[in-house]
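Engineer: Have a look at this one before I ask anything.
The numbers here are math on the coordinates, done by the rules we state, and not lab data. Everything numeric in this text was worked out from a predicted model, so none of it was measured. Note: ideal-geometry Cβ built from the backbone for every residue, glycine included; neighbour counts use all protein chains shown.
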Amino acid sequence: MPDSGLLFKEGPVIFADIRMALFRSEIIKDVSTGLNASRKSIPSKYFYDERGSQLFEEICSLPEYYPTRTEMSILKLSAPIIMKSFDRGDIVELGSGANGKIRMLLDAAGPSRLSDLRYIPVDVSESALTEASEELLKLYPGLQILGIVADFSMHLETVPCDRKRLIFFLGSTIGNFDEKMREEFLKLVAATMNDRDSFLVGFDMLKPKATIEAAYNDARGVTSKFNKNILRVINRELNADFQTSHFDHVAFFNKDRDRIEMHLRANRNTVVNIEDLELELKIEKDETIHTENSCKFSREGVKELVKKSGMEIKNWYSDEKGWFSLTELSLA
Ligand code: AVJ
């Protein structure tokens, strides 16, 4: 990884890293706001360092974690329809991670259209981007890839929009935003779209509470490791000394707000030093640090959100149980 310059090349893939310069001031601001508050929190985007991204990939193949499998099955069936009239354009994926969902689209395009397509993954995790891109190039030689290391919620303007685009926002990552941010984010994306573009958004739908809670409390404890990893990120980035064993993973469905909440709950009184914030944090037994919200949606909720954002639903793809939805949006 280069430490200066924004553009770099790894083999045939071009990367633009716009995150580096801003990362430090962002994490300082976010963590100090979150941990100085009376109800402590850390933004969920800090889960995804190299280890966190790997743990998330592990979560995706857990038997309890239904969203990935379900969304994949929907993508597989809908990809031929989505790709039907799409050629010579860019496939943008916001928060692409490493799980290669985009393969379904590339497979549906077929080898003859591949060289006219460009894949633009945008992710905060450089390691996830590099790995995913290398993997894709092996499978689809000739595919052009422009990887953008960025927090897509802040730096949408770095994504090219000079060609026809399919923009993917999968995995129900939209569920990590609160209501206000969801609407704002959709509006931001809409503002970068042309009439010919489509925006494909994955929504995890409401379903029995036990099913949802199991997905965030897996038997093997991978989600627990993933949750605690955020403390290791803070330790490394801000010279802190959180002891992960002093915290327990807690995840439950908040029925009033239709969301899974993840917290880290102190299992004893503990003192944490965060050197770079010059902060000595006293955390009492049973106090929690809120690390993630993952909202679950109703069909009505999705429709309302889309309407408010100035877009319309062109297609709605779902699995037979209605557990997950992939909506294809366009400008209204
Ligand atoms: C990819 C962010 C949507 O909320 O389900 C998985 C992250 N957190 N297990 C989700 C996650 C705990 C995931 N998102």
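Engineer: So which of 207/255; 164/303; 180/303; 138/225; 180/296; 228/282 end up more than 20 Å apart by C-alpha?
Structural biologist: Beyond 20 Å between Cα atoms: 164/303; 138/225.
Engineer: Ok, one more. In the chain, what is the volume of the convex hull around the alpha carbon atoms, normalised per residue and reported in Å³?
Structural biologist: Considering the Cα atoms of the chain, their hull volume per residue is 130 Å³.
Engineer: Rank the residues 96, 309 as a footprinting-exposure proxy: fewest other Cβ atoms within 10 Å of their Cβ go first.
Structural biologist: By the 10 Å Cβ count, ascending: 309, 96.
Engineer: Between the helical axis of 50-60 and the dominant principal axis of the chain, each derived from Cα atoms, what acute angle in degrees is found, rounded to the nearest 10?
Structural biologist: Roughly 70 degrees between the two axes.
Engineer: Further, regarding this structure: Return 288, 223 ranked ascending by Cβ neighbour count within 10 Å, so the fewest neighbours appear first.
Structural biologist: On the way: 288 18, 223 22.
In order of increasing Cβ crowding within 10 Å: 288, 223.
Engineer: Something else now. With Rg and the Kirkwood Rh both taken from Cα atoms, where does Rg over Rh land for region 142-181?
Structural biologist: That ratio equals 1.00.
Engineer: Could you pull out the trypsin sites (Lys or Arg not before Pro) across region 254-316 that fall in loop regions by DSSP (anything but H, G, I, E, B) with no more than 15 other Cβ atoms inside 10 Å?
Structural biologist: Answer in residue order: 255, 257, 268, 285.
Engineer: Right, something else. What do you get for GluC sites (Glu not before Pro) in region 280-311 restricted to DSSP loop and a cutoff of at most 11 other Cβ within 10 Å of the site's Cβ? If you can, show how the numbers build up before the last one.
Structural biologist: On the way: sites: 280, 284, 287, 292, 300, 304; in loops: 284, 287.
Qualifying residues, ordered by number: 284.
Engineer: Hey, another quick one. So what are the radius of gyration and Dmax for the Cα set of region 83-219, in Å?
Structural biologist: That works out to 15.8, 46 Å for Rg and Dmax.
Engineer: At most 13 other Cβ atoms within 10 Å and a DSSP loop assignment: could you name the trypsin sites (Lys or Arg not before Pro) in region 87-170 that fit? Before the final figure, lay out each step's value.
Structural biologist: Numbers: sites: 88, 101, 103, 113, 118, 138, 163, 164, 165; in loops: 88, 101, 163.
Answer by residue number: 88.
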